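The structure under discussion appears below in the form of C-alpha cells.
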Amino acid sequence: MSVRRALALVVGVLLTVGLAACTNGRAERDAPTASPTATGTSRPAPSARPKVPPVTVRELTGQVRLRAAATRVVALDWPYAENLVAVGVQPVGVADRAGYASWVGADPAARLSSKTADVGPRGQPDTTKIRALRPDLIVVDRTRAQRWVSGLRKIAPVLVFDPYRADMSAWEEMRTTFTELARAVGRSDLAAGTLVRLDATIAAGRRDLAEAGKADMPFALAEGYSDRGVPTLRMFARSSLASDLLERLGLQNDWKGAPDQYGFTTVGVPALNSVAMADFLYLSDARDNIFTGQLADGSTWKGLEFVRTGRVHRLGSGAWLFGGPLSAERCVREVVKALT
C-alpha cells in the first residue's frame, strides 16, 4: 500500500469517529431531562397537567365546594335526576328508577340511560349500592333523605335541596335548584338556555289560551287516588309549583282551601262544590282513576257544575307537576291541549 493511500485511510477513520462523537453529544444535550426515582434510577419528567377549577354550589345548608365539576352523580329524588338529564348529564344512580320511568320518563327528553343504576327507595337509599358506583356527588331532597345525609357524606359530597322552602316560592326554588345543580356539573350555559326555552313555551301557551277565550279562566287542579278504597283528592293550592305555572299561563286558581307545607289541601268529593264554576283539571294513575271509576256514577260527582257542563279535563300521562323545567314544559303542552 502506498504512503498516500495509507494517509487517506487514517484521515477517513478519524473523521468518522469525530462525527459520531459530535452526534452523540448533541443527542445527549437534546434528550429530555430525567428525574431520579426513589431507587436512584431515572424516569422522564411528567408533563404539566392542566388545572381544573373548583366549583362552589349553593344549597340548603350553605355552600359546597367541589374539586371540579361532578361527572358521576347519584340523584336520590326524581326532580334532580330530571334536572341532570335536562343539561345532558345522565346520573350513574337514581332512587326508585321504575317510578321515575313511569312518572317522569314518559317524555323521551327526560329518559334515563340504560346504564343508570337503581339505588333503592327514595326514602331509604342503599348506601352499599351508592358507594359501589363511586360517585363524586350525591343530590338529596331534605324532606325524604335528611337522616341519611351524614352517612352519604362519607361517600361523596352531598347537595341538599328542599322544594318546599319557606323563604322562596316553589317556582323560584325550582329555577334556583336547577341552576345550582347545573353549576355543579359544569353545564350552566345549557341550564340558562333551558330556562329561556321554558319561558318562551309559557309565553306561547298563554297566547294560545287567550286566543281560545281562556284568558283569566278560573281552574281547579287536583290529583285523585284511592286511600284504602276511599276516593281522595289533593287540591293544588296557589302556593304549589303547579298552580304557579298555570297562573303564568293566564289562568286563575279558584281553590281557596288552606294548603299543607307541600301546597296541597286533601279533601273529599263534596268539597269540590266550592269550585263548581271553574274548569276542573286532574291527574290520576291510569290504574286508579277515581274520576272515571269510583266517582263516575255517584250523584255528588255527577251533580257538580263542571261535570254537568263537560268542563272536566284529564292531563295526559306526560304531565308530572313536581319536577324541573322539562316537566314544566310538558305540563304547559298538556294544559293547552286539554283546554283548546
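The values are calculated or read from the model by the stated rules, or taken from the named source; none is laboratory data. Just so we're clear, the structure is a prediction, and the values are computed from it rather than from any experiment. Heads up, the Cβs are rebuilt from the backbone with ideal geometry, glycines too, and the neighbour counts pull from every protein chain shown. Accessible surface is based on the protein model in full, side chains and every heavy atom, while ligands, DNA and RNA are left aside. Shrake-Rupley method; radii C 1.70, N 1.55, O 1.52, S 1.80 Å.
Couple of notes before you dig in:
- Distance (nanometres) between label positions extended 7 Å along Cα→Cβ at K115 and K302: 5.7
- Farthest toward the positive end of the dipole of the chain, out of P135, W255, V230, is the Cα of P135, where the dipole comes from beta carbon charges about the Cα centre.
- Carbon + sulfur, % of accessible area of region 171-248 - ligands and nucleic acids excluded, 1.4 Å: 49
- Among A69, A192, A286: highest mean-square fluctuation, GNM of the chain, C-alpha pairs under 10 Å: A286
- Coil-residue trypsin sites (Lys or Arg not before Pro) of region 122-158, DSSP, other Cβ within 10 Å capped at 15: R153, K154
- On region 263-305, 51 percent of the accessible area sits on carbon and sulfur atoms, based on a 1.4 Å probe.
- Accessible surface computed residue by residue for region 254-340, with neighbouring protein chains in place and a 1.4 Å probe, gives 44 Å² per residue.
- Within a Gaussian network of the chain (alpha carbon springs, distance under 10 Å), most fluctuating of D297, D118, D216: D297
- Size of electric dipole in region 77-119: Cβ of Lys, Arg +1 and of Asp, Glu -1, about Cα centre, debye, nearest 20: 160
- Computed over the chain with a Gaussian network model linking Cα atoms closer than 10 Å, the most mobile of D136, D279, D126 is D126.
- Helices in the chain, meaning DSSP H runs of at least 4 residues, each add -39500 (n - 2.57). Divided by all residues, the mean residue ellipticity at 222 nm is -11500 deg cm²/dmol.
- In the set (i) 0.97; (ii) 1.34; (iii) 1.25, the label that goes with Rg/Rh (Cα atoms, Kirkwood Rh) computed for this structure is (ii).
- Distant-in-sequence amide H partners of R122 (H built 1.01 Å from N, under 5 Å): D96
- Region 209-268 and region 178-207: distance between their alpha carbon centers, rounded to Å: 24
- Of all DSSP beta bridges in region 208-340, antiparallel share, percent nearest 5: 50
- Charge dipole (Cα centre; +1 on Lys/Arg Cβ, -1 on Asp/Glu Cβ; no other charges) of region 227-291 amounts to roughly 60 debye.
- For a modelled paramagnetic label at S317, 7 Å from Cα along Cα-to-Cβ, the residues of region 65-101 in reach, with backbone nitrogen under 20 Å, are 78-79, 82, 96-101.
- Counted charge near Y262, where neighbours are those whose Cβ lies closer than 14 Å (Asp, Glu -1; Lys, Arg +1): -2
- Within the chain, antiparallel bridges make up roughly 45 percent of the DSSP beta bridges whose residues both belong there.
- Cα-centre dipole for the chain with unit charges at Cβ (Lys and Arg positive, Asp and Glu negative), debye to 20: 1900
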